[in-house]
Amino acid sequence: MPETQLAGGYDVSLPSHDRVIAEKITAITSTRFLQNPDLQPHPLITPIPPSLICFNKPYGVLSQFTPEGKWRGLKDFIALPGVYVAGRLDADSEGLLLLTSDGQLQARISDPRFKMLKTYWVQVEGEPDDAALAALRSGVQLNDGPTQPASACRISAPPALWEREPPVRVRKAVPTEWIELGIREGRNRQVRRMTAAVGHPTLRLIRASIGPYTLEGLAQGSWREAAVQAE
């Protein structure tokens, strides 16, 4: 009996005329296993990992599957083999984290050379004036060089915002304000350093979007599959 190669790279022994039927069964089965992890696949049919996942990362979770010290890992939330982080998000930051099973897509998302726009909601200490926002837009001087032009504007507190655990520590005598900041760079802790450079330390940082992918409709700690899109 000839060996048939199914979509996704999985081998089973089937007559050649059953190739199309087998591929359809594999696709349907893979979707069922992703939606219900309690189901166990047949040993000859392995679920195909999704090509792109959007995850709303909570505070205190690393951008890796393995926990480390006081920080939790992604394995507490995502029990899928074959997917890898595309672009990191600090443990003390929240919001959109992308994972993919496609190496080329991972590079396109995470490599700063592709300049994919990343948008952040930032709660800062104090109330940034027009001069501070103008400085963020034009670029501020950091210890590793000036930042590239960015978008920056005041916003109301994001709608349907979840409570952070632990809560943000604020000083009662000092007001806070939310700004939306859009950058195309990927330096270490860049947003926090930018707001500090204009006199407004970051208290809470949430990544709202990466290119065409957003947090919209995604609860904290949950993930969904996403169709790959051009920016």
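The values are calculated or read from the model by the stated rules, or taken from the named source; none is laboratory data. This structure is a prediction, so every number in the text was calculated from the model and none was measured. Every residue, glycine as well, gets a Cβ built from its backbone with ideal geometry; the counts of neighbours run over all protein chains shown.
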**OP:** Write out, first by first residue and then by second, each pair whose Cβ atoms fall under 6 Å of each other, whose residues are 6+ apart or on separate chains, and whose first residue, in the stretch 72-100, is in the same structural domain as V191 (by TED's automatic domain parsing) while the second is of a type in the set (S, T, N, Q) and buried (at least 18 other Cβ atoms within 10 Å of the Cβ).
**Re:** none
Original post:
With respect to A152, is the statement that it is surrounded by 12 or more Cβ atoms within 10 Å (Cβ to Cβ) and under 16 Å from the mean Cα position of the chain (by Cα) true?
Top reply: no
Original post:
Looking at the stretch 128-135, is at least one residue closer than 24 Å to A91 by Cα and modelled with pLDDT of 95 or more?
Top reply: no
Original post:
For the stretch 145-224, which strands (runs of 3 or more DSSP E) that fit wholly inside it have 2 or more residues that are closer than 30 Å to S51 by Cβ?
Top reply: 176-183, 202-210
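Results for (1) among the β-branched types (V, I, T); (2) touching a Lys or Arg at 6+ places or on another chain (Cβ under 8 Å); (3) at pLDDT 95 or above, shown as yes or no for each residue.
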residue: K115; (1), (2), (3): no, yes, no
residue: V122; (1), (2), (3): yes, yes, yes
residue: R137; (1), (2), (3): no, no, yes
residue: L142; (1), (2), (3): no, yes, yes
residue: I179; (1), (2), (3): yes, yes, yes
residue: R189; (1), (2), (3): no, no, yes
residue: T202; (1), (2), (3): yes, yes, yes
residue: Q220; (1), (2), (3): no, no, yes
residue: A227; (1), (2), (3): no, no, no
